[in-house]
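Notes for the one structure printed next.
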Amino acid sequence: MKEFTPDHIRNVALIGHGGAGKTSIAEAMLFSAGSTTRLGRVEEGNTLSDYHPDEIERQISINASLLFCEWKSHKINILDTPGYTDFTGEVKSSLRVADTALVLLKAVEGAEVGTEIVWKYTTEYDNAVIFVVNKLDQENADFDRTVHQAREMISHDIVPVQFPLRAGLGFDTVIDVVRMKMLKFEAGGTGKFAESEIPADAQARAKEMRQGLLELIAETDENLLNKYLEGGGLSDDEFRRGLRAGILSRKLFPLLCASSTQNIGIASLMDFLVEYAPSPLDQGDLHGAAPGDGGTKDVTAKQDPSGPPSVFVFKTVSESHVGELSFFRVCTGAVSPGLDMVNETNGKTERLAQLFVMNGKERKEINRLLAGDLGAVVKLKDTHTNNTLSSRAFPVVYSPVEFPSPVFHSAITPRAKGDEDRMSTGLHAIHQEDPTFVFHVEGELHQTIISGQGELHLDIVVKRLKQRYNVEVDLSEPRVAYRETIKAVVKDAEYKHKKQTGGHGQYGHVHLRLEPLKRGQGFEFVDEIVGGVVPGKFIPAVEKGVVEIMKEGVLAGYPVVDVRVALHYGSYHDVDSSEMAFKVAAAQAFRKGFMEAKPILLEPIYNIEVKVPEDAMGDVMGDISSRRGKIGGMEGAGHYQVIRAQVPAAELHKYATVLRSKTGGRGVFSATMSHYEEVPREVAEKIVAAAEKAKEQAA
Ligand SMILES: Nc1nc2c(ncn2[C@@H]2O[C@H](COP(=O)(O)OP(=O)(O)OP(=O)(O)O)[C@@H](O)[C@H]2O)c(=O)[nH]1
Ligand SMILES: [Mg+2]
């Protein structure tokens, strides 16, 4: 395979709302460029990009795929990202290594929520952005409405540089105001087009759009503007340079036309990418940090193929037949198999094995990749998503992708006893591949909690566990970490533990006083014994007996907190008393006293912050109240409102899904543990009843 220098590379991420046609457009690009001989279809499960069984089954993209094609001596690297909100992590990591984002809009539905979300990420990574109105062959396609709506919703700097001659069924012609030509595409999906003069009935519109474009281009640069205002017009070269510069600096976002399944507008789109989208070099030098020194020292990295090599790993996947595959961007220098590199995150050395360029599931081995290019390598030992590999001569760490925090949680248990270890190995591997998925073990509640971006995300994790690690699991609602405490003082809780069994007897006798403490004060033990009625050597055993029963819980099996226990009286036996006997007595006395001291359950309360569009606010607030939530306040943020509230943890299960459905996908929320509060009586009764039932079943 040919080597591509950075000026001949275009790194493009396809992004946009679910089902906009990203995968289909990638397929059409590859087909038009001759990289594949068949135009695959998402419905038929035969695209190069959506090849995972889950993707084929659901007909949506779940993983970002890396593909490439050669177009007019340039290499276009394509990152086909998923549109479904649960997988926005994939979009972020793709935008991190792409120079250009291609945002797809649907010609019927227009820009949608998912588009708005990923658009914001392009701002974060400062990508050049090009819009494409896709599906222009659909019956109710409306180009003007789509453009208008996208300008309102996304940005007023969106500028059409093409328009369809007749959108809808039979769509095959695009008027291009950059070329000032009509492009008529061949029937039958070959992707080829013929260029001719713009027909009379489209002339006026084309001229008007061209004029508008000229003005915008002139406005991106002071020299051009002066020339333009002096009536000088712009030369072709100035026009081209101005358009490129405007796109690079995000001053304007050109918009083009397509129908990906009919392969219309794709070849001209690739022409546009080659001509006007930035190459890696246009982004200038990269910046990283020097390892050590707390990562504060800035390092400038030149995207020069002849310099020392460094790569940034933006994604890892485990493929059953090859093991781990790490996807990277060559940031500086060039890389080849056999090269030794250092992972500065963990200090380990990695020798690069075979290198590949990827076309979804297909890959080609390659001898060398230069700065600016994207590729994959197999079998790195200890390098994961977000790691940098660099050389001793040029140590550097590039800033990691900040992934969204998890919002959806579930408890997970292996179906078969003995599968715990395999499950945990699997979860660990999945987390390393996909940092938006996390898990942890709740020791106190004896459960493993998995967390991700939504229900579908966790469903996919469950499937992967089965497919790759052969572990079947069940998901359930996470148990809530309730606490038990008391509301009243019990002055005297007495228990005498006395047993005569053959030889040695057992004797321990205590009087305890139980008092409630303030929230968060924990546990206090007070020794008020006078005159040695309980000998000093047994007192630690009394405390231990109390502590043990507190851990176990009395009311419903949850730990007891916020009590003071005073040992104020008791008795002993010279021969039969032992630490054990006092421990038993103390536990029993505590249990008795606890039940008399108006015992209650406490539940964890979370602070939540919910950001919702104004029109959904009433519904979302009503829902928070129905979840026993207390609204603390709200404040406006553009068309959004931020609601702050406190809600019991028990009411937050699946909240991410609920919020999404109440807000058409626009609502987001975060939750952090705040404090413990008393569980209302009717709720507490149910929890106690459930605990008793569970205990009976266990017995
Ligand atoms: N009529 C028509 N259908 C299209 C076009 N592009 C895509 N489709 C269909 O729209 C559906 C979604 O297309 P995809 O290519 O999977 O869309 P996507 O943006 O990759 O979807 P996600 O990856 O799930 O976000 C499929 O059924 C496609 O066949 C188009 O230009 N015209
Ligand atoms: Mg897709």
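Observations on the structure shown:
- For the stretch 388-484, a simple Cβ point-charge model (Lys and Arg +1, Asp and Glu -1, everything else neutral) yields a dipole of about 340 debye relative to the Cα centre.
- Under 14 Å, Cβ to Cβ, from residue 431 - net charge with Lys/Arg +1 and Asp/Glu -1: 0
- Estimated distance in nm for a label pair at residue 298 and residue 573, the labels positioned 7 Å out from Cα along Cα-to-Cβ: 8.0 nm
- Cβ-defined net charge surrounding residue 633, 15 Å radius [Lys, Arg +1; Asp, Glu -1]: +1
- The gain in end-to-end length when the residue 619 to residue 527 segment is fully stretched comes to 27.6 nm, 0.36 nm per residue minus the alpha carbon separation.
- Surface share of carbon and sulfur [accessible, 1.4 angstrom probe, percent] for the stretch 110-210: 49 percent
- Straight-distance crosslink candidates among lysines, where the alpha carbon sits under 24 Å from residue 551 and sequence neighbours closer than 8 are dropped: 487, 491, 496, 518, 537, 583, 592, 598, 686, 693, 695
- Rounded to the nearest 20, the Cβ-based charge dipole of the chain about its Cα centre (Lys and Arg +1, Asp and Glu -1) stands at 1240 debye.
- The residues of the chain expose, per residue, 44 Å² of accessible area to a 1.4 Å probe.
- Residue 158 long-range amide H proximity, modeled H, under 5 Å: 253
- Cα-centre dipole for the stretch 519-627 with unit charges at Cβ (Lys and Arg positive, Asp and Glu negative), debye to 20: 340 debye
- Net lengthening on full extension, residue 474/residue 444 (0.36 nm per residue, minus Cα-Cα): 8.8 nm
- Angle of helix 455-469 to the longest C-alpha principal axis of the chain, folded into 0 to 90 degrees and rounded to 10: 90°.
- Percent of Cα pairs exceeding the 23 Å cut-off, where the set is the stretch 23-154: 35 percent
- Over the stretch 206-343, the Kirkwood radius and the radius of gyration, each from Cα atoms, give a ratio Rg/Rh of 1.11.
- Using alpha carbons only, the radius of gyration of the stretch 134-194 set against its Kirkwood radius gives Rg/Rh = 1.00.
- Proximal charge balance of residue 519 [Cβ under 11 Å; K/R count +1, D/E count -1]: -1
- Residue list for the stretch 595-622, given a label point 7 angstrom along the Cα-to-Cβ vector of residue 644 and an amide N cut-off under 18 Å: 605-612, 621
- Farthest toward positive dipole pole in the chain [+1 Lys/Arg, -1 Asp/Glu at C-beta], among 560, 663, 24: 560
- Efficiency of FRET from Cβ geometry, residue 306 and residue 236, R₀ 25 Å, rounded to 0.05: 0.15
- Helix 236-248 vs. the chain, principal-axis angle (Cα, 0 to 90°, nearest 10): 0 degrees
- At R0 = 35 Å, FRET efficiency that the Cβ-Cβ distance of residue 57 and residue 37 yields, to 0.05: 0.90
- FRET efficiency for the pair residue 674 and residue 551, taken as 1/(1 + (r/R0)^6) with r the Cβ-Cβ distance and R0 = 25 Å, rounds to 0.60.
- Fraction in percent of alpha-carbon pairs per bin - 10 Å, the stretch 395-502: 12, 35, 19, 12, 12, 9, 2, 0
- Most positive-pole-ward Cα, 387, 132, 410, against dipole of the chain from beta carbon charges: 410
- Over the chain, DSSP H runs of length four or greater, each weighted -39,500 (n - 2.57), average out per residue to a 222 nm ellipticity of -9000 deg cm²/dmol.
- For the chain, the longest principal axis of the C-alpha atoms and the axis of helix 420-433 are separated by about 40°.
- Remark: for residue pairs 120/611; 192/364; 72/207, the C-alpha separation exceeds 22 Å in 192/364; 72/207.
- Signed unit charges on C-beta, dipole axis of the chain, positive-most listed residue 35, 206, 500: 500
- Over the Cα atoms of the chain, the radius of gyration divided by the Kirkwood radius equals 1.11; this is the Rg/Rh ratio.
- Stokes-Einstein D in µm²/s, Kirkwood radius over Cα pairs - the stretch 12-80 at 37 °C with 0.692 mPa s viscosity: 273 µm²/s
- Computed log₁₀ I(q)/I(0) - Debye formula, equal Cα scatterers, no solvent, the stretch 468-508, q 0.14, 0.33 Å⁻¹: -0.71, -1.14
The values are calculated or read from the model by the stated rules, or taken from the named source; none is laboratory data. If you're wondering where the values come from, they're calculated on a predicted model, not measured in any experiment. Virtual Cβ from ideal backbone geometry, glycine too; neighbours counted across all protein chains shown. These area figures cover heavy atoms from the full protein model, side chains too; ligands, DNA and RNA do not enter into them. Shrake-Rupley method; radii C 1.70, N 1.55, O 1.52, S 1.80 Å.
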